[in-house]
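Visitor: Following this message is one structure expressed as structure tokens.
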Amino acid sequence: MLTNQLLVAILVLLNLCISEVSSLSTVKVGENESLDSAIKRFKRKCQKDGIIGDIRRKEAYVKPSVKRKLKSEAAQKRNRKG
């Protein structure tokens, strides 16, 4: 089984990776808490804070012309639905 020190080290590394993208999200690990539940809580918190969306949005550069085209297509799609 993993020790608490290892759990803390893993979560600190995850926090450092994410902190470059957005504000720091932290999760305190309980004494008898498993690694799986701590990671699930961390992922849920990142999702709630919008960090996952930021990472996906910043994965690749989108040229301004392509950005305008996507925005226009999204507007047309919304207008067709409504």
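Visitor: Compute the length gained on full extension between Arg57 and Thr26: take 0.36 nm times their separation in residues and subtract their Cα-Cα distance, giving the result in nm to one decimal. Before the final figure, lay out each step's value.
Guide: Working: separation 31, 0.36 × 31 = 11.16 nm, distance 2.18 nm.
The Arg57-Thr26 span can extend by a further 9.0 nm.
Visitor: Which FRET efficiency value, to the nearest 0.05, is calculated for Lys40 and Arg78 with the Förster distance at 35 angstrom and r the Cβ-Cβ distance? Walk me through the intermediate numbers first.
Guide: Values: r = 34 Å, r/R0 = 0.97.
The value I calculate is 0.55.
Each reported figure results from applying straightforward, stated rules to the coordinates on display, with no laboratory input. The structure presented is a predicted model; accordingly, all values stated were derived computationally and were not measured. Positions of Cβ are backbone-derived with ideal geometry, glycine not excepted, and every protein chain shown enters the neighbour counts.
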